[in-house]
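The values are calculated or read from the model by the stated rules, or taken from the named source; none is laboratory data. These numbers come from a predicted model, not from an experiment. In this analysis, Cβ positions are derived from the backbone assuming ideal geometry, glycine residues included, and neighbour counts consider all displayed protein chains.
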C-alpha cells in the first residue's frame, strides 16, 4: 500500500514530516507533499516527480492552482490512499473530486480550526470533500461532536484518533542526555523568575489582551517575580502585534514577545522552563504545545469552556478558569506553585500514554489498512 499525504500549511512542515516518517516506520509506505510550495518528502528516498521539480523552478502565481491541481493528480496515480491533512484550501475539493472518480481511497483529517471555526461560506466545499472521502479523522470526541453539528451526513464515517506528538520523545531524550537548554530565543534574565507562557501563536483568538489584563491586575510585588513569554511566531498580523505591545506598556512584569521562529531545541527549552502556561483561546481541539507543557510538569491554567475531556477523563491535573477570575487563579497558582507542581507530578506519564506516537501509531496504521481494503 502506498499513501500520499497532502497538506497546505507550510509552517507545519516539521509536524507533517514527523507524521510521514512515523507512518513509514510502522510499515506503511508514505510520501508527503505540500500543495502550497510543492515541497516533496519521502522517508524511503523516493525522488519528487520530475514535473514537480521543473515547475518549482519556475513557480509563478499565473495559473498556479490549475497547474498544481494537474501536477498533484498526475502524481497521485501511483498511490492507493490519499490523505488530506487539514481542510484549509478549496483546492482539496477539486483534487478529491478528480481522484474519487479515479477510484482512489481518500481520507480527510480535520486539524481543529478548519472544523470548529468553519463558516457557512466554506462549509459547502468542505462538505463536498467529506462526500468524496471514505473516512474522516478527528483528534477528540468533542471534535466528532462538531462534525455531528456541521456535517451530520458524514458522522458515520468519522473516526477519533489524535496526532502522535514527536516532541514528547524529543523531550525525553533532552532530559535523559542532560543536554544544555537553548534560551537564546529571549533576552530576559530567567534566573530566579517564575516563567509564565501565554498562548502559543499570534492569532487574536488566543486572547492575549485578556491575559495581559489579568497579569497586570496582580500585585506589583507578584508581577516582579514573573518572566512572561508570548510565543507569537506564526499567524501574527502587524496591527494585532501593535495592539498587544500597547497593552504591555504599563505592566510591572518583564516580558518578551517571541516573533522569530524558534529552533526545535529552543522550542523544547521553552516547554522545559515554563512553570505556568495560560491558554484562554476562544476554541481549541488538542494543542500539541499544551501537551508538551503538561509533559514537562508545567501548571496549565485553561479556559473553563475549552473541550479538554481527554485531560479530565484520564486524571491529568489542570486548573480551569473563566476570564473574570483569571487574575485570581493566577495569583493562587503563583503563591502555591510548589504544591500545584506536585499535583501535576503524574501528568507527564499520563499524557505520554495518550498522545505519544507509541500510543497512537497502531491506530493510524489500522485506519490506512482499512482504507486500502475497503
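Here's the yes/no breakdown for (1) buried (at least 19 other Cβ atoms within 10 Å of the Cβ); (2) touching a helix residue (DSSP H, G or I) at 6+ places or on another chain (Cβ under 7 Å):
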| residue | (1), (2) |
| --- | --- |
| 64 | no, no |
| 69 | no, yes |
| 78 | no, no |
| 86 | yes, yes |
| 90 | no, yes |
| 98 | no, yes |
| 117 | no, no |
| 122 | no, no |
| 135 | yes, yes |
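Go through 155, 99, 130 for me and flag whichever is outside the structural domain of residue 308 (by TED's automatic domain parsing), free of Cβ contacts under 8 Å to residues at least 60 places away in the same chain, in a helix (DSSP H, G or I) and under 22 Å from the mean Cα position of the chain (by Cα).
Working: 155 fails: under 22 Å from the mean Cα position of the chain (by Cα); 99 fails: under 22 Å from the mean Cα position of the chain (by Cα).
It is 130.
For (1) under 15 Å from residue 341 (Cα atoms); (2) touching a helix residue (DSSP H, G or I) at 6+ places or on another chain (Cβ under 8 Å); (3) in the same structural domain as residue 214 (by TED's automatic domain parsing), each residue gets a yes or a no:
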site	(1), (2), (3)
271	yes, yes, yes
282	no, yes, yes
286	no, yes, yes
290	no, no, yes
296	yes, yes, yes
305	no, no, yes
310	no, yes, yes
320	no, no, yes
How many residues does region 211-238 hold that are surrounded by fewer than 18 Cβ atoms within 10 Å (Cβ to Cβ), in a helix (DSSP H, G or I) and within 24 Å of the chain's Cα centre (by Cα)? 1
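Would you point out which residue out of 38, 32, 19 is surrounded by 16 or more Cβ atoms within 10 Å (Cβ to Cβ), on the phi < 0 side of the Ramachandran plot, in the same structural domain as residue 90 (by TED's automatic domain parsing) and not in a helix (DSSP H, G or I)? Reasoning before the result, please.
Numbers: 38 fails: on the phi < 0 side of the Ramachandran plot; 19 fails: not in a helix (DSSP H, G or I).
When all the criteria are applied, what remains is 32.
Each row is one residue, and each column tells you yes or no for (1) touching a strand residue (DSSP E or B) at 6+ places or on another chain (Cβ under 7 Å); (2) over 22 Å from residue 187 (Cα atoms).
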| residue | (1), (2) |
| --- | --- |
| 217 | no, yes |
| 228 | yes, no |
| 238 | no, no |
| 260 | no, no |
| 278 | yes, no |
| 282 | no, yes |
| 293 | yes, no |
Given the conditions (1) over 28 Å from residue 100 (Cα atoms); (2) assigned to a helix (DSSP H, G or I), which single one is not true for residue 179? (2)
Which listed residue, of 371, 290, 330, 300, is more than 21 Å from the chain's Cα centre (by Cα), within 21 Å of residue 195 (Cβ to Cβ) and crowded, with 21+ Cβ neighbours inside 10 Å: 330
Applying the selection to region 140-152, what residues are within 17 Å of residue 360 (Cβ to Cβ) and either outside any helix (DSSP H, G or I) or outside the structural domain of residue 15 (by TED's automatic domain parsing) (or both)? 140
Looking at 182, 169, 149, which is the one that is surrounded by fewer than 20 Cβ atoms within 10 Å (Cβ to Cβ) and without any contact (Cβ under 8 Å) to a residue 40 or more places away in the chain? 149
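Could you please find all residues in region 102-127 being more than 29 Å from residue 305 (Cβ to Cβ) and either free of Cβ contacts under 8 Å to residues at least 12 places away in the same chain or in a loop (DSSP other than H, G, I, E, B) (or both)? Walk me through it before giving the result.
Filtering region 102-127 down to residues more than 29 Å from residue 305 (Cβ to Cβ) leaves 102-107.
Within region 102-127, 102, 103, 104 qualify.
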